[in-house]
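S.K.: Please see the structure below; I have some questions.
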Amino acid sequence: MTEIEGYKVIPLRVSAESEHCHSVFMKEHFIRLIDPNKPKGRTLFILNIPPYVTTQSLEKFFQQYGPVEFVLFAEKPGRDETEKWHENLTEFSNVKPPFKFKVAYVVFKKSASLGRALEASAINLFSDTTNESFIESGMQLWHTQYQETILDIEKTQKHIDEYMAAYDERERLALEAAKNSAADADGWITVGKQGRDSGFEQKESVLNKLEQKIEKGKKKKELTNFYTFQIRESKMKNILELRKKFEEDKKKIEMIKQTRRFKPF
């Protein structure tokens, strides 16, 4: 048993016959930022946990030093790493925890239990009386994994009922907020058919007027004389109009001359 940079190095065994075993590093967990899931004075921090070690096996071993509240895993040390490790892990999903080396946080219910756990000379994940391992393997592991794929009907129905009850409550609150013109969590206000600002009534005549207004607005926004051919056609049109007006003016002058009302001098 040695110590490296404040960590106590101890062996981790999965059976009594293990001669060459894995080593882990453990110490009391302490960080400056307060984490309610890892309370100061009651949390044991362990590094280099093998992939096959489970939370149940660690909890069984450390119970001899005092009642364990829970065991958490994480890929690496960090405040939010435990949430990332357990993300999307639910009873009703096929997502499995990563099979890789990890760190563990063992949270005891009492501070005295942590002191006794730090005095451990080894982590033996097997029974001292029967030498039975706390970690399942072989056919037993396959059987457990298969059983976990079968959903419990009562638990599933309870989960569905709780979800639907929560959904109905959210819908009820949203409806009340709409009636009171109150903003929801995202800042949106639902417009209903009640109250002073109830919007317009969606009749066919009202909708037709709105469509005509939108169509009129679109026509105003259309670009004229944008393309080269449009500019050329516009110029030709102006020239034709000027010629036509010129001819009309000539005819008017001739008519005035004939009636002798034209006296330029």
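S.K.: Is there a residue in segment 129-143 that is in contact (Cβ under 8 Å) with a residue 24 or more places away in the chain and touching a Pro at 6+ places or on another chain (Cβ under 6 Å)?
M.R.: No: zero hits.
S.K.: Applying the selection to segment 10-28, what residues are open to solvent by 20 Å² or more (accessible area, probe 1.4 Å) and either β-branched (Val, Ile, Thr) or closer than 18 Å to Val106 by Cα (or both)?
M.R.: Those that are open to solvent by 20 Å² or more (accessible area, probe 1.4 Å) and either β-branched (Val, Ile, Thr) or closer than 18 Å to Val106 by Cα (or both): Pro11, Arg13, Val14, Ser23, Phe25, Lys27, Glu28.
S.K.: In segment 200-228, how many are in a loop (DSSP other than H, G, I, E, B) and either open to solvent by 100 Å² or more (accessible area, probe 1.4 Å) or at pLDDT 80 or above (or both)?
M.R.: 9
S.K.: Within segment 248-265, is there a residue that is among the hydrophobic types (A, V, I, L, M, F, W, C) and either modelled with pLDDT under 60 or on the phi > 0 side of the Ramachandran plot (or both)?
M.R.: Checked against the condition, which is being among the hydrophobic types (A, V, I, L, M, F, W, C) and either modelled with pLDDT under 60 or on the phi > 0 side of the Ramachandran plot (or both), segment 248-265 yields at least one hit.
S.K.: Further question: It is to be established whether one or more residues within segment 51-61 are aromatic (Phe, Trp, Tyr), open to solvent by 90 Å² or more (accessible area, probe 1.4 Å) and not in a helix (DSSP H, G or I).
M.R.: Yes, segment 51-61 contains at least one residue that is aromatic (Phe, Trp, Tyr), open to solvent by 90 Å² or more (accessible area, probe 1.4 Å) and not in a helix (DSSP H, G or I).
S.K.: Quick test for you: out of Lys155, Lys84, Lys96, pick the one residue that is outside any loop (DSSP other than H, G, I, E, B), open to solvent by 90 Å² or more (accessible area, probe 1.4 Å), without any contact (Cβ under 8 Å) to a residue 24 or more places away in the chain and basic (Lys, Arg).
M.R.: On inspection, the qualifying residue turns out to be Lys84.
S.K.: Just one of Thr43, Thr144, Thr129 is among the polar types (S, T, N, Q), surrounded by fewer than 11 Cβ atoms within 10 Å (Cβ to Cβ) and in contact with an Asp or Glu (Cβ under 9 Å, 6 or more places away or on another chain); which is it?
M.R.: The conditions single out Thr144.
The values are calculated or read from the model by the stated rules, or taken from the named source; none is laboratory data. Please read all numbers here as calculations on a predicted model, not as lab measurements. Virtual Cβ from ideal backbone geometry, glycine too; neighbours counted across all protein chains shown. For accessibility, only protein heavy atoms count, side chains too; no ligands or nucleic acids. Shrake-Rupley method; radii C 1.70, N 1.55, O 1.52, S 1.80 Å.
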